[in-house]
Amino acid sequence: MSILVDAATRVVVQGMTGGEGSFHTKQMVEAGTRVVAGVTPGKGGTKHEGIPVFDTVAEAVKATGANASAVFVPQAFAADAILESVDAGVPLVVAITEGIPVLDMLRVKNAIGESGRTRLIGPNCPGIITPGRCKIGIMPASIFAPGTVGVLSRSGTLTYEAVDQLTKIGLGQSTAIGIGGDPIIGSPFTSLLPLYEADVQTEALVLIGEIGGSAEEEAAAWIQSHMTKPVVAFIAGATAPPGRRMGHAGAIISGGKGTAAEKKAALRAAGIAVVDSPAEIGATVARLLGRA
Amino acid sequence: MNVHEYQAKEILARYGVPVAGGGVATSAEEARQIAEKIGGPVVVKAQIHAGGRGKGGGIKLAKNAAEASEIAHEYYLGLLVDRARSRLTIMASAEGGVEIEKVAAETPEKIIRAEIFPAAGFSPYVARPDQVKQFVALLAGCVRCFTEMDCSLVEINPLILTPEGKLFALDAKVNFDDNALFRHPDVREMRDIHEEDPLEVEASKSDLNYIKLEGGQVGCMVNGAGLAMSTMDIIQLAGGKPANFLDVGGGASKETVSKAFGILMRDEDVKAVLVNIFGGIVRCDRVAEGIIAAAKEVHIGVPLVVRLQGTNAREARQLLEASGLKLTVAETLDEAARKVVAAVGGAA
């Protein structure tokens with residue numbers, strides 16, 4: 001078991017023939033992912049890296065049975081690409097693209113809510129990986145190992161840091177998801193926590209949050225009332241000044257709200273093991289699982 | 001992106017929002033000419049991005065304040081995106097003219113909220129409880145401005161009601177979504193780089209995400225925003241103070257590393273530098289080559305601690321050690337933080 005993606009997942013890559021899309025398609029295939037199709041309007045009927053290219057997502061789904069999409073389309077066209085997959089009924093869409101306008105995402109998010117059949121991960125995220133079986137995204141597969149720790153994060157390279165610590169002390173991962181650093185994202189923590197709780201492979205969860213918004217507080221409330229598995233949390237940005245956007249569009253303390261201190265307090269109050277140092281994530285998981 | 005009050009008013013006026021009359025002056029003489037054109041008492045307001053202008057002495061009444069009583073009431077009106085609910089939200093309050101954060105904290109019941117459903121767009125009924133036709137038109141203009149111009153904030157504080165029953169914006173603040181600037185070149189041109197830290201402006205030209213922090217001594221260079229924030233945090237935990245946030249991007253090429261060193265070395269507060277790169281798709285040995293090349297181009301006059309982790313980290317360490325560069329190599333995050341804090345003479 002794992003969540004959302006496994007060896008049977010059939011992936012269509014939107015924007016596959018572009019620079020980023022092309023590079024990461026190769027990397028995904030090397031990581032064991034079944035990439036069955038690419039979509040680039042105007043290039044339908046051709047092949048790229050031996051993978052058939054279609055003009056539309058609907059055609060790709062019909063011809064190949066794709067049931068997940070990876071979006072590598074540039075910011076100006078990314079919302080359209082996501083909506084195209086939603087319209088084609090693709091159950092899982094992973095949007096890697098950074099810099100999509102907030103109002104575009106507002107539209108997309110509400111359209112997805114109405115369709116009721118698509119889950120969106122991202123945008124502005126590293127993607128999702130079930131080590132050894134399926135990777136939809138840009139994370140380096142080499143640092144991951146199959147195992148029992150779930151990883152759920154708003155960040156990219158910080159996720160790699162945490163995963164690297166886990167792998168080095170012998171703790172593999174069930175499924176790792178980067179949910180994205182934007183203010184409006186497809187799947188906040190609370191929509192994914194139930195999947196980890198239900199997954200028999202997952203024994204413990206690492207939750208990596210950061211300043212801005214209230215997603216961590218909502219996660220704390222859900223974990224307190226529903227989660228039986230141990231959770232280790234880290235919040236980035238304890239030293240971030242208020243009112244400044246720290247790289248991620250969503251990482252901003254506004255009107256005194258969304259600080260790391262508030263989030264840590266909410267998580268601790270919910271009985272979650274919060275580490276102040278990002279260097280202690282792996283060791284703390286090991287301790288909670290009795291493997292230190 | 002932030003713009004000045006006069007620019008915000010120009011934009012809102014385009015959407016039919018009544019704003020207080022005025023003009024922009026760059027000298028006392030120009031200000032006098034504009035005042036004569038307006039007639040009556042005028043207010044001279046310094047055009048800076050910072051809030052709290054009144055308290056800071058940036059707003060002066062040019063004639064006696066008696067006529068200011070033409071204001072019957074001051075309201076607050078604000079539009080922003082509620083990220084938790086994924087909706088455009090309107091906030092209004094009868095307690096205008098003061099800091100809205102203060103009202104929100106002390107008397108939240110005095111703020112009215114209304115949501116706009118994206119599919120339906122703005123509908124007049126949202127504003128109708130106020131029974132004011134003018135307000136409906138004004139709010140509709142604000143919503144249209146917000147959605148067409150890709151704003152992140154439209155705020156009118158105060159919104160003035162005159163004794164004659166006329167509504168208009170006395171002050172206005174408009175912020176724009178940086179992610180959407182690519183489709184608003186006219187807004188991009190309104191950027192006032194004098195309002196920003198010169199090093200931050202320089203960094204943005206090289207697509208580096210750099211934020212100067214006050215009172216720090218440890219310069220940081222990191223790939224990825226989350227890891228960059230965490231690196232600042234762990235420096236503080238080790239007893240030091242980070243001098244900046246710097247995300248060189250997920251990749252970290254030789255060119256970006258070189259430019260980043262250039263920025264860090266121009267900050268006189270920086271007494272030591274910590275490079276923390278997690279090589280994922282980008283191999284660490286390539287990043288190490290970048291650091292070695294950059295050190296030849298940019299004089300690094302302070303202690304340098306380098307931590308490269310991830311793909312080909314071992315090869316990277318060998319390259320750095322063989323380079324003859326004066327630097328300290330660290331393996332873990334903890335070790336890197338301790339070593340760089342020791343280098344600035346802090347706790348270690």
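Database remark: amide H of residue B:328 closer than 5 angstrom to the amide H of B:304, B:305, B:306 (H placed geometrically; neighbours at sequence offset of 5 or more, or on other chains; Pro and chain starts carry no H).
Qualifying trypsin sites (Lys or Arg not before Pro) in segment A:104-180, where qualification requires a DSSP coil assignment and no more than 11 other C-beta atoms within 10 Å, comprise A:117.
Chain B gives an Rg/Rh value of 1.09, both radii derived from C-alpha positions and Rh following Kirkwood.
Here's how it looks for residue A:273: its modeled amide H is under 5 Å from those of A:231, A:233, which are all 5 or more places away or on a different chain.
To the nearest 20 debye, what is the magnitude of the charge dipole of chain A about its Cα centre, counting +1 on the Cβ of each Lys and Arg and -1 on the Cβ of each Asp and Glu? Don't skip to the answer; put the middle values down first.
Numbers: 23 positive and 25 negative charges, 58 e Å.
For chain A, the charge dipole is close to 280 debye.
For a modelled paramagnetic label at residue A:191, 7 Å from Cα along Cα-to-Cβ, no residue of segment A:240-261 is in reach, as no backbone nitrogen comes under 14 Å. Going 7 Å from the Cα of residue B:71 in the Cα-to-Cβ direction, what parts of segment B:143-158 have a backbone nitrogen less than 15 Å from that spot? Inside the label zone: B:156-158.
Here the Karplus relation 6.51 cos²θ - 1.76 cosθ + 1.60, evaluated at θ = phi - 60°, turns the backbone of segment A:158-167 into coupling constants of 5, 5, 4, 4, 5, 5, 4, 4, 4, 4 Hz, with x for every Gly and Pro.
With r defined as the distance between the Cβ atoms of residue B:318 and residue A:1 and R0 fixed at 30 Å, what FRET efficiency is calculated, to the nearest 0.05? Working from the Cβ atoms, E equals 0.15.
Whole angstrom only: what separates the Cα centroid of segment A:11-27 from the Cα centroid of segment A:36-69? When both Cα centres are located, 11 Å separates them. Ignoring lysines fewer than eight residues from residue A:257 along the same chain, the ones with Cα atoms less than 25 angstrom from its Cα are A:109, B:55, B:102, B:110, B:173, B:212, B:241.
For residue B:73, the residues whose modelled amide H falls within less than 5 Å of its own, excluding neighbours fewer than 5 places apart on the same chain, are B:161. Going Cα to Cα from residue A:43, which lysines come in below 28 Å? Please leave out same-chain ones fewer than 8 positions away. Of all the lysines, those that pass the test against residue A:43 - Cα under 28 Å, at least 8 places apart if same chain - are A:26, A:62, A:135. When +1 charges are put on Lys and Arg Cβ atoms and -1 charges on Asp and Glu Cβ atoms, the dipole computed for segment A:1-133 relative to its Cα centre reaches about 320 debye.
For the pair residue A:254 and residue A:62, the difference between a 0.36 nm per residue extended length and the Cα-Cα distance amounts to 64.5 nm. Modelled label positions at residue A:43 and residue A:283, each set 7 Å beyond Cα in the direction of Cβ, lie 4.7 nm from each other.
Averaging the Cα positions of each part gives two centres, and for segment B:176-249 and segment A:187-240 these lie 27 Å apart. Here the dipole of the protein assembly as shown is about 860 debye; that uses its Cα centre as origin and unit charges on the Cβ of Lys and Arg (positive) and Asp and Glu (negative). Taken along its three principal axes, the alpha carbon spread of segment A:73-126 comes to 25, 21, 14 Å, from the longest extent down to the shortest. In whole percents, the pair-distance distribution calculated for segment B:298-348 from its alpha-carbon pairs, binned every 10 Å from zero, is 25, 51, 24, 1.
Temperature 10 °C, viscosity 1.306 mPa s: under these conditions the Stokes-Einstein estimate for the protein assembly as shown, based on its Kirkwood radius over C-alpha pairs, is 60 µm² per second. Over what distance in Å are the Cα centres of segment A:80-147 and segment B:13-59 separated? Measuring centre to centre over Cα atoms gives 47 Å.
Applying D = kT/(6 pi eta Rh) to chain A, where Rh is the Kirkwood radius over alpha-carbon pairs, T corresponds to 20 °C and eta to 1.002 mPa s, the Stokes-Einstein value obtained is 112 µm²/s. As a rough footprinting exposure proxy, the listed residues B:59, A:223, A:128 were ranked by other beta carbons within 10 Å of their own, and the order from fewest upward is B:59, A:223, A:128. Projecting the Cα atoms of B:225, B:201, B:236 onto the charge dipole of segment B:199-260 (Cβ charges, centred on the Cα centre) puts B:236 farthest toward the positive pole. Karplus-derived 3J(HN,Hα) values for segment B:265-280, using 6.51 cos²θ - 1.76 cosθ + 1.60 with θ = phi - 60°, are 6, 8, 8, 5, 6, 6, 10, 7, 10, 10, 9, 10, 10, 9, x, x Hz; glycine and proline are entered as x.
Each reported figure results from applying straightforward, stated rules to the coordinates on display, with no laboratory input. All values reported here derive from a predicted model rather than from experimental measurement. Here the Cβ is made from the backbone with ideal geometry for all residues, glycine too, and neighbour counts use every protein chain on show.
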